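Peer 1: Attaching a single structure in structure tokens format; questions to follow.
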């Protein structure tokens, strides 16, 4: 990639991925402010991140020239960095346990199921989107 | 803030929160990459999410000691400050754990091994993550093991 020696390219990708993780986390912090009956901001963050992860994955499996050229940098940066930082499992666990401990079993179950269905649907959408755009 | 759930509306995080969450999130991403590069991805995500949920439970539990009369007079937990919650909670634990990686792994697993295998994988991780958080919280709070 970019005619850099292997180790330098690897370090560059690692650094870019870590920075993308930090930026994704900042976006999640802003979204987490959106907290009504359920933590909607975290659900949206997890779903958008899943869309990005699905799209990033489809870049990796693209057979097109453009897809292959940008995969080396974009795939880890998008899927592992940005999406990984934007999404969170720990905050979801904290909020769900909180609902169950408060006796809000209904809200706890909603939060559990929505964070299963939303992200999974968005991953599929992201893969399909990548497939269409990089055909 | 997101890591300490509340039904009440929270004020928008101040500017310095974003810097701390960026640093913590980048650090969490770095440690997660270590797991993902050295282990099978499905196994790595399992450990990352369970450890991350347990870690957040632990620091939230430790932070709760500040309001617990039982710990009055003892040194206040360093995790009780807002800065610490931003760096270690929203930053590190949030960046370390991943829901998007889990959702992607689930979809790939369903495609490769079938729906039952995928569902067992994701449900085990969900349930283990909830237990890990609750256990971490009880340990941090000082409620378990009782001494």
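The values are calculated or read from the model by the stated rules, or taken from the named source; none is laboratory data. Note that the structure is a prediction, hence the values are computed from the model and not measured. No Cβ is skipped: glycine too gets one built from the backbone with ideal geometry, and neighbour counts run over all protein chains shown.
Peer 1: Report yes if some residue within segment B:111-121 is more than 10 Å from every other protein chain (Cβ to nearest Cβ), under 22 Å from residue A:96 (Cβ atoms) and modelled with pLDDT of 95 or more; otherwise report no.
Peer 2: Looking through segment B:111-121, at least one residue is more than 10 Å from every other protein chain (Cβ to nearest Cβ), under 22 Å from residue A:96 (Cβ atoms) and modelled with pLDDT of 95 or more.
Peer 1: Quickly run through segment A:91-116 and pick out the residues that are within 7 Å of chain B (Cβ to nearest Cβ) and either closer than 13 Å to residue A:45 by Cβ or in contact (Cβ under 8 Å) with a residue 40 or more places away in the chain (or both).
Peer 2: A:91, A:92, A:95, A:115
Peer 1: Now a separate question. Evaluate the following for residue B:112: is it over 14 Å from the mean Cα position of the chain (by Cα) and either surrounded by 14 or more Cβ atoms within 10 Å (Cβ to Cβ) or in contact (Cβ under 8 Å) with a residue 40 or more places away in the chain (or both)?
Peer 2: The answer is no for residue B:112.
Peer 1: Okay, moving on. Among the residues of segment B:89-97, is any over 12 Å from the mean Cα position of the chain (by Cα) and either in a helix (DSSP H, G or I) or surrounded by fewer than 15 Cβ atoms within 10 Å (Cβ to Cβ) (or both)?
Peer 2: No, there is no match, as no residue in segment B:89-97 is over 12 Å from the mean Cα position of the chain (by Cα) and either in a helix (DSSP H, G or I) or surrounded by fewer than 15 Cβ atoms within 10 Å (Cβ to Cβ) (or both).
Peer 1: Considering each residue of segment B:126-139, count those that are touching a helix residue (DSSP H, G or I) at 6+ places or on another chain (Cβ under 6 Å) and within 9 Å of chain A (Cβ to nearest Cβ), and give that number.
Peer 2: Residues that pass the stated criteria total 6.
Peer 1: Next up: Give the residue that is farthest from residue A:123 (Cα to Cα), with candidates limited to residues of segment A:27-51 that are at the interface with chain B (Cβ under 7 Å from one of its Cβ atoms), in contact (Cβ under 8 Å) with a residue 40 or more places away in the chain and part of a helix (DSSP H, G or I).
Peer 2: Looking at residues that are at the interface with chain B (Cβ under 7 Å from one of its Cβ atoms), in contact (Cβ under 8 Å) with a residue 40 or more places away in the chain and part of a helix (DSSP H, G or I), I get A:28.
Peer 1: Additional query: Could you check, for segment B:62-82, whether at least one of its residues is under 26 Å from residue A:78 (Cβ atoms) and surrounded by 21 or more Cβ atoms within 10 Å (Cβ to Cβ)?
Peer 2: Taking every residue of segment B:62-82 in turn, none turns out to be under 26 Å from residue A:78 (Cβ atoms) and surrounded by 21 or more Cβ atoms within 10 Å (Cβ to Cβ).
Peer 1: Residue under question is residue B:129, and the condition is that it be assigned to a helix (DSSP H, G or I), modelled with pLDDT of 95 or more, crowded, with 17+ Cβ neighbours inside 10 Å and within 17 Å of the chain's Cα centre (by Cα); does it hold?
Peer 2: yes
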